[in-house]
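Visitor: Below is a structure I'd like to ask you about.
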Amino acid sequence: MKQFLSFVRKEFYHIFRDKRTMLILLVMPIIQIILFGFAITTEVNNTRVAIFDPSKDATTEYIKEKIQANRYFTITEELVHPDRINDAFKSGDINLVIVFSENFADNLLRTGEAAIQLIADGTEPNQASTLTGYASNILNSYQQELIEQHQIPYRIVPEIKMLYNPQLKSAYNFVPGIMGLILILICAMMTSIAIVREKETGTMEVLLSSPLKPVYIILAKAIPYFTLSIVNLATILLLSVFVLGAPVQGSMFWLILTSLIFIFLALSLGLLISTIVESQMAAMLVSSMGLMMPVMLLSGMVFPVESMPEILQWVSAIVPARWYNAAIKKLMIQGVEVQYVMKEISIIALMAVTMMIISLKKFKTRLS
């Protein structure tokens, strides 16, 4: 029995000495329960609403107060002209527009019926349906108040309009997210495994002893994977358009350029992973499992970033796929001009350059 207990104690010592094992056993479950508990939600919170109200009467003001008081909505803008609606959606400033008809209160009192339009971004069908459903419930509640007060069958008729995706096809939402997930996983995995393989077999030291500088050797290994990733990008785009039915409404040039910058970022991330791990199996686990969960949960691919707690929204800002997903949705589905995606493209490019500089410096230090 003493021998058995000594073996058990020895195993405890091994576990406690291995920081990576302790991280997986004790810290990873905490991170997962927080991410899954707060990021996975079917509710839509912090919805930014714009109002176009040509009537500006007491009834529309009361409805706006009820909308503002609802915990799901925040009125962020009062539009002065209906032409501003498309620009507001393209810039990403709003999630829902509520348009009141002219003479709203007069029509309601005189005819017993008034029209109101709910305009949502159909590139995220589930979110759009939820938003219009919430807003319709508020209108129905106010309608019921009027009926109870005046004993007259007042009707507020909401007209729902889905911009960019009137058929509410799910491919419009998932294709940009899937593109980002595939590119970052494949590119990071290819680069990290290829370089770690050289380190495992001992041939990296032979390469570094050549007349070329280590930086050029590493870049020379990355260029073939960059070329193959371009083939992957072309395949993904063709399948997305001709098989999944996703449109390309915007500039194909900027769509491809944004994707190439993102590929460069993913390859740089793989290079960074190769400086951390020492085996191909570890590289595969880090580049697949370590990247898959943040990309799926925090990039807006499945769950809206706006609905997450504020701290997770800040964390999601360092997930490259979040910005790529937003840029591709605007370029592919909304068909916006390039000025509306310059913020996302600039962030991706800055991340790519920063990641490559850090990776090359760290790699050179590790191998010298």
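The values are calculated or read from the model by the stated rules, or taken from the named source; none is laboratory data. If you're wondering where the values come from, they're calculated on a predicted model, not measured in any experiment. When we count neighbours, we look across all protein chains shown, and the Cβ atoms used for this are built from the backbone with ideal geometry, even at glycine. Areas reflect the complete protein model, heavy atoms only, side chains present, ligands, DNA and RNA absent. Shrake-Rupley method; radii C 1.70, N 1.55, O 1.52, S 1.80 Å.
Visitor: Could you please let me know if S316 is closer than 21 Å to K343 by Cβ and in contact with a helix residue (DSSP H, G or I) (Cβ under 6 Å, 6 or more places away or on another chain)?
Guide: Taking the combined requirement at face value, the residue satisfies it.
Visitor: Taking segment 238-256, which residues are in contact with a helix residue (DSSP H, G or I) (Cβ under 8 Å, 6 or more places away or on another chain) and either closer than 23 Å to M355 by Cα or assigned to a helix (DSSP H, G or I) (or both)?
Guide: Listed by number, the residues that qualify are S240, W254, L255, I256.
Visitor: Moving to a separate point now. Do you know which residues across segment 309-325 are part of a helix (DSSP H, G or I) and aliphatic (A, V, I, L, M)?
Guide: Within segment 309-325, I311, L312, V315, A321 qualify.
Visitor: Same structure again: Restricting to segment 240-254, and then to whatever is over 14 Å from Y164 (Cα atoms) and under 19 Å from the mean Cα position of the chain (by Cα), can you tell me which residue is surrounded by the most Cβ atoms within 10 Å (Cβ to Cβ)?
Guide: S240
Visitor: Is it true that K329 is surrounded by 21 or more Cβ atoms within 10 Å (Cβ to Cβ), out of contact with any Gly (no Cβ under 8 Å at 6 or more places or on another chain) and assigned to a helix (DSSP H, G or I)?
Guide: Against the criterion (surrounded by 21 or more Cβ atoms within 10 Å (Cβ to Cβ), out of contact with any Gly (no Cβ under 8 Å at 6 or more places or on another chain) and assigned to a helix (DSSP H, G or I)), K329 qualifies.
Visitor: Give segment 58-74 a look and list any residue that's surrounded by fewer than 17 Cβ atoms within 10 Å (Cβ to Cβ) and either touching a strand residue (DSSP E or B) at 6+ places or on another chain (Cβ under 8 Å) or among the charged types (D, E, K, R) (or both), or say none.
Guide: Scanning segment 58-74 gives E61, E65, K66, Q68, R71, T74.
Visitor: Go through segment 54-121 and tell me which strands (runs of 3 or more DSSP E), entirely inside it, have 1 or more residues that are among the aromatic types (F, W, Y).
Guide: 73-79, 96-100
Visitor: Hey, another quick one. Going by what's in this entry, would I318 be described as farther than 18 Å from M189 by Cα and either surrounded by 21 or more Cβ atoms within 10 Å (Cβ to Cβ) or among the polar types (S, T, N, Q) (or both)?
Guide: no
Visitor: In the list P158, P166, which residue meets the criterion of being closer than 27 Å to D87 by Cβ, touching a residue at least 40 places away in the same chain (Cβ under 8 Å) and open to solvent by less than 50 Å² (accessible area, probe 1.4 Å)?
Guide: Going through P158, P166 in turn, just one is closer than 27 Å to D87 by Cβ, touching a residue at least 40 places away in the same chain (Cβ under 8 Å) and open to solvent by less than 50 Å² (accessible area, probe 1.4 Å): P158.
Visitor: Which of (1) farther than 26 Å from A171 by Cβ; (2) at pLDDT below 85; (3) buried (at least 23 other Cβ atoms within 10 Å of the Cβ) is the odd one out, the single condition M308 does not satisfy?
Guide: Every condition holds for M308 apart from (1).
Visitor: Same structure, new question: If only one of A135, A114 is more than 34 Å from the chain's Cα centre (by Cα), open to solvent by less than 10 Å² (accessible area, probe 1.4 Å) and more than 30 Å from Q339 (Cα to Cα), which one is it?
Guide: Answer to the selection: A114.
Visitor: Now for a different question. Quick check on segment 283-302: of everything there that is hydroxyl-bearing (S, T, Y) and assigned to a helix (DSSP H, G or I), which residue is nearest to M190 (Cα to Cα)?
Guide: Only one residue fits best here, namely S287.
Visitor: Could you tell me which numbered condition L272 fails, if it satisfies all but one of (1) open to solvent by less than 40 Å² (accessible area, probe 1.4 Å); (2) modelled with pLDDT under 80?
Guide: (2) is the only condition that L272 fails.
Visitor: Next question. Within the group L260, L267, L285, L272, which residue is free of Cβ contacts under 8 Å to residues at least 40 places away in the same chain, among the hydrophobic types (A, V, I, L, M, F, W, C), farther than 20 Å from Y172 by Cα and touching a helix residue (DSSP H, G or I) at 6+ places or on another chain (Cβ under 8 Å)?
Guide: None of the others qualify; the one that does is L260.
Visitor: Hey, another quick one. Could you please find all residues in segment 255-269 being open to solvent by 10 Å² or more (accessible area, probe 1.4 Å) and either at pLDDT 90 or above or of a type in the set (S, T, N, Q) (or both)?
Guide: Of everything in segment 255-269, those that are open to solvent by 10 Å² or more (accessible area, probe 1.4 Å) and either at pLDDT 90 or above or of a type in the set (S, T, N, Q) (or both) turn out to be I256, L257, L260, I261, F264.
Visitor: Touching a strand residue (DSSP E or B) at 6+ places or on another chain (Cβ under 8 Å) and either within 30 Å of E200 (Cα to Cα) or part of a helix (DSSP H, G or I) (or both): is that true of E306 in this structure?
Guide: Against the criterion (touching a strand residue (DSSP E or B) at 6+ places or on another chain (Cβ under 8 Å) and either within 30 Å of E200 (Cα to Cα) or part of a helix (DSSP H, G or I) (or both)), E306 qualifies.
Visitor: From the set of residues in segment 332-357 that are among the small types (G, A, S) and in a helix (DSSP H, G or I), which is farthest from I236 (Cα to Cα)?
Guide: This residue is S346.
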